[in-house]
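Visitor: Let me begin by handing over the structure; questions about it come next.
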Amino acid sequence: MSSELVEISIGSLESLPIGEGRTFTIDGDMVAIFRTRTGVVHAVSAVCPHAGGPIADGLADTEVVICPLHQHVFELTTGCSRSGQPPLRVYPVRVTDAGEVLVGAPVPVDA
């Protein structure tokens, strides 16, 4: 089995508050979507690998999000932890010219 990506719409860019995260279910996975104060949109796993904390509820800036449970720090572009935890999964995300936010989700394909 190999996989390819399919883009799934989570709605309009305007529905994402600037500087905050929101959780969406995409292909059975919980994904945290952040719209930074600079306007960049990031998508990472919504569940902290340390203790299952709600990543979308964490404090985020233009580079990192801090898990609200135990303050573990994760980079939004790579998912890498700056505090020694396993990384968050990063999802490709883009905003169309019409302002629709699309997140890439893997779809199994027969080899």
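The values are calculated or read from the model by the stated rules, or taken from the named source; none is laboratory data. None of these values were measured; they are calculated from a predicted model. Backbone-built Cβ (ideal geometry, glycine too); neighbour counts: all protein chains shown.
Visitor: Collect the residues in segment 44-58 that are under 24 Å from VAL95 (Cβ atoms), hydrophobic (A, V, I, L, M, F, W, C), out of contact with any helix residue (DSSP H, G or I) (no Cβ under 7 Å at 6 or more places or on another chain) and in a loop (DSSP other than H, G, I, E, B), keeping them in residue-number order.
Guide: none
Visitor: Please identify the pairs in which a residue from segment 92-109 that is within 16 Å of LEU5 (Cα to Cα) has its Cβ atom under 6 Å from the Cβ atom of a residue that is modelled with pLDDT of 95 or more and part of a loop (DSSP other than H, G, I, E, B), counting only partners at least 6 apart or on another chain.
Guide: That search, which allows pairs on different chains as well, returns GLY104/PRO92.
Visitor: Kindly indicate whether any position in segment 68-80 is in contact with a Pro (Cβ under 6 Å, 6 or more places away or on another chain) and modelled with pLDDT of 95 or more.
Guide: yes
Yes or no, residue by residue, for (1) more than 19 Å from THR62 (Cβ to Cβ); (2) part of a strand (DSSP E or B):
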site: VAL6; (1), (2): yes, yes
site: SER9; (1), (2): yes, yes
site: GLU14; (1), (2): yes, no
site: GLY21; (1), (2): no, yes
site: PHE24; (1), (2): yes, yes
site: MET30; (1), (2): yes, yes
site: ILE33; (1), (2): no, yes
site: GLY39; (1), (2): no, no
site: HIS42; (1), (2): no, yes
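Visitor: Can VAL107 be described as surrounded by fewer than 17 Cβ atoms within 10 Å (Cβ to Cβ), hydrophobic (A, V, I, L, M, F, W, C) and not in a loop (DSSP other than H, G, I, E, B)?
Guide: When the stated conditions are applied, VAL107 passes them.
Per-residue answers, yes or no, for (1) in contact with a Cys (Cβ under 6 Å, 6 or more places away or on another chain); (2) β-branched (Val, Ile, Thr); (3) within 24 Å of GLY11 (Cα to Cα):
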position: GLY28; (1), (2), (3): no, no, yes
position: VAL31; (1), (2), (3): no, yes, yes
position: ALA56; (1), (2), (3): no, no, yes
position: GLU63; (1), (2), (3): no, no, yes
position: CYS67; (1), (2), (3): yes, no, no
position: PRO92; (1), (2), (3): no, no, yes
position: VAL101; (1), (2), (3): no, yes, yes
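Visitor: Within segment 74-88, can you find the residues that are in contact (Cβ under 8 Å) with a residue 12 or more places away in the chain, closer than 16 Å to GLY58 by Cα and not hydroxyl-bearing (Ser, Thr, Tyr)?
Guide: Selection gives PHE74, GLU75, LEU76, GLY79, ARG82, GLN85, PRO87, LEU88.
Visitor: Output the residues belonging to segment 29-56 that are farther than 28 Å from ASP97 by Cβ, surrounded by fewer than 18 Cβ atoms within 10 Å (Cβ to Cβ) and over 12 Å from the mean Cα position of the chain (by Cα).
Guide: Within segment 29-56, HIS50, ALA51, GLY52 qualify.
Visitor: If a residue has to be of a type outside the set (S, T, N, Q), under 16 Å from ALA98 (Cβ atoms) and surrounded by fewer than 13 Cβ atoms within 10 Å (Cβ to Cβ) to count, how many in segment 1-28 make the cut?
Guide: The total comes to 1.
Visitor: Can I ask one more? Being assigned to a loop (DSSP other than H, G, I, E, B) and in contact (Cβ under 8 Å) with a residue 24 or more places away in the chain is the filter; apply it to segment 59-73 and report the residue that is surrounded by the most Cβ atoms within 10 Å (Cβ to Cβ).
Guide: Taking segment 59-73 as the starting set, the residues that turn out to be assigned to a loop (DSSP other than H, G, I, E, B) are 61-63, 67-72.
Keeping just the survivors that are in contact (Cβ under 8 Å) with a residue 24 or more places away in the chain gives 61-62, 72.
Working: ASP61: 13, THR62: 14, HIS72: 23.
Taking the candidates together, the pick is HIS72.
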